[in-house]
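Here's the structure, in structure tokens; my notes come after.
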Amino acid sequence: MADERIAGYRVDREISRSTIASVYQGYQESLQRKVLIKRLHPQFVRDREIRARFEREAHALARIKHKNIVHIYDYRADDELMLLVSEWIAGGSVSEFIRRHGPLDEAAALALAIDVLEGLQVAHAARVIHRDIKPGNLLLAGSTVKITDFGLAHFEGSPAVTQQGAVMGTPAYMAPEVVSGRPATANCDLYSFGVTLYEVLSGENPFQAGHVSQTLQNVLAVKPDRLEGVHAETNRLLQALMAKDPNQRPESAGAALAMIEPVAKELAVERGWEAVAERIGERERADHHSAPERGGPESDHSIRPARKPAPSRKVVVAAWTAMVLITAAVWLLSPGPSERAAGVNAPAEDSARFELAQLPQEPEVRRPADTSAAQAGGETDRRVVERPAEEPAEPGVESDVPPAVEPGGNADIDSASAPASFAGGAAPAEETGARERERAAETGAAEPAGRREATGDDRPAAADSGYVVLTVNPWANVYHGTRKLGTTPLRRPLHLPAGRVRIELDNPQFPPASREISVPPHDTAGVTIDLFDEVGVIEFINAEPWAEVSLDGNYLGTTPIHQQLIVQPDRHTLVFRHPALPDRDTTFTITAGGEPIRMFIDLTRAGRASGRR
């Protein structure tokens, strides 16, 4: 990796790989400085919407020059390459700091607030709305705090890029009006920062719940408790920033700074983060040497939410009695194990933000995609609620005949944009290894382990062999018997015995496939297999204003859902749920190899969901 270069920049290491871009630590040798390189994956360079979003982030950073906002150094865009080069920040995010060292005291939190609000003041003056202010997008850069990750930024007054019904941001930090579907304004950034400041002081997000639906309901309805251990002016600032009514919030970042000023002077932090940077650095070093547990350094942290008084003993006893009776009734009336197994699978804890800026609006179904991970510059929560796809093992080409074929390679598989599997559809990713073990057990062979050399007993004579150029859409692990031959796309043809040969194709997002192919002696044949021919695809689901969606009892996530869904040919049911609107469902039929389906429903109107192919 250290010898690789991109557009003249040396690439030292890959930091992360998201749905549409890879992020690297690099070095600009001409100016002898470290840089952060964000490169759009080649298959998305000509995608108009993704290109527009990538350009928007670059233009947002270029429009703002301020010490509290990450600086952009370079931007390249042509038909083959798009990359953004920005300053390298050695320090971690505020979120990482809190996770390692615990919450900040009031002086440090207000010092941080001054830096962030000064950065927002400049951004808003340039008519740039960040739309995703949170601890993970604030970087500690020595004596300053810098705002990063403008991937969701919006230029006030410019046409919206996001489609109708899309909700942008991280649920636990989104302003109530955004959750309700109204456009984001600069005032929404102030709300998000209010939630961030509350978390920085107390160590907890007042709206975060174990499920995205409950989180959004909390944003709409819950009023955070006042904090104990801080000045009354600080509490007033928090309550004003997090007001449900936008008209009750400070009218600007400058107005919020004015609210901080009296306490900041009393605590001697009116210079911002610079005033506490040395002390915080000493705390980090001390914590590093003492190797504390998470939150250990602040176990005596005196700032905490002022909880409501505990209920009386009689109330507690009555509540427990009622709960026991209700639980018993539910147990007696609930279905048996077999019926429960067919029910809705409760989703795991979901603190995900809606991934809109990092996904194509209309993804191509018939194409391989790219490996995904979290994008640098923020927390690893920018994703769609989904079942992760297994990335293929490092591929090679195995030959059942001599001479051995040089190992090949495969295109990167995007685990975020790869098709998802559900009940009645393809097997989940974790079954891949089980399939290999089953193949070995059926034949009495040892368990295959990726690439394996064929023995002399297995190899037919070279005169009885031929070659096959195999293409599989989207990709597959290829087996001949129990032997793995490689993972498509392969760099070289498969070397196989001549005649009719059965190969097996394994992609965890699709049902297992087996094909008999003809291998010509002393020649090469081309074989193309499309796994989509035997399944159906739902490529897009959306709802107005938004909804949580289940397919045949399996939870998918929150709209808009761009993830391609692989489903078996049959009748299927989608259920849409919104906390403030009646549930809606629609039943439709999937045909094998049919055109992908796009589904939209307006929950504010009566009628059925509309779908088109």
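Every test in (1) of a type outside the set (D, E); (2) within 27 Å of V219 (Cα to Cα); (3) open to solvent by less than 20 Å² (accessible area, probe 1.4 Å) is passed by H578 save one, and that test is (3). Residues that are in a helix (DSSP H, G or I), in contact (Cβ under 8 Å) with a residue 12 or more places away in the chain and either open to solvent by 30 Å² or more (accessible area, probe 1.4 Å) or more than 30 Å from E233 (Cα to Cα) (or both) are absent from the stretch 78-93. If you go through the stretch 42-63 and pick out every residue that is in contact with a strand residue (DSSP E or B) (Cβ under 6 Å, 6 or more places away or on another chain) and open to solvent by less than 40 Å² (accessible area, probe 1.4 Å), you end up with 5. If you check R56, R100, R131, R51 for being at positive phi and either part of a loop (DSSP other than H, G, I, E, B) or modelled with pLDDT under 90 (or both), only one passes: R131. Say whether the condition of being touching a Pro at 6+ places or on another chain (Cβ under 7 Å) and open to solvent by less than 10 Å² (accessible area, probe 1.4 Å) is met by at least one residue in the stretch 111-134. No, that holds for no residue. Counting the residues of the stretch 446-487 that are at pLDDT below 85, in a loop (DSSP other than H, G, I, E, B) and small (G, A, S) gives 6. In the stretch 107-130, the residues that are within 16 Å of V263 (Cβ to Cβ) form Cβ pairs under 7 Å with partners that are aliphatic (A, V, I, L, M) and open to solvent by 10 Å² or more (accessible area, probe 1.4 Å), at six or more places apart or across chains, as follows: A107/L267; L110/L267; A111/A275; I114/L257; L117/L257. The residue pairs whose first member lies in the stretch 503-525 and is within 30 Å of V567 (Cα to Cα), whose second member is assigned to a strand (DSSP E or B) and among the hydroxyl-bearing types (S, T, Y), and whose beta carbons are closer than 7 Å, counting only pairs six or more residues apart or on different chains, are I503/Y479; E504/Y479; E504/S514; D506/Y479.
Only residues that are outside any strand (DSSP E or B) and loosely packed, with under 15 Cβ neighbours inside 10 Å were counted in the stretch 535-570, giving 1.
Filtered by the rule that a residue be under 32 Å from the mean Cα position of the chain (by Cα) and either at pLDDT 90 or above or open to solvent by 40 Å² or more (accessible area, probe 1.4 Å) (or both), the stretch 488-503 gives P489, R491. Is it the case, given these coordinates, that V70 is over 22 Å from I133 (Cβ atoms) and of a type outside the set (D, E)? Judged against the criteria, V70 is not a match.
Go through the residues of the stretch 49-58 one by one and say whether even a single one is touching a Pro at 6+ places or on another chain (Cβ under 8 Å) and more than 23 Å from V122 (Cβ to Cβ). Checking the stretch 49-58: at least one residue is touching a Pro at 6+ places or on another chain (Cβ under 8 Å) and more than 23 Å from V122 (Cβ to Cβ).
Just one of the listed residues (D74, D12) is within 29 Å of V116 (Cβ to Cβ) and either open to solvent by less than 60 Å² (accessible area, probe 1.4 Å) or at pLDDT 85 or above (or both), namely D74.
The values are calculated or read from the model by the stated rules, or taken from the named source; none is laboratory data. Everything numeric here is computed off the predicted structure, so don't read it as measured data. FYI the Cβ positions are ideal-geometry reconstructions off the backbone, even for glycines, and counts take in every protein chain you see. Ligands, DNA and RNA are excluded from the accessible area calculation, which covers all protein heavy atoms including side chains. Shrake-Rupley method; radii C 1.70, N 1.55, O 1.52, S 1.80 Å.
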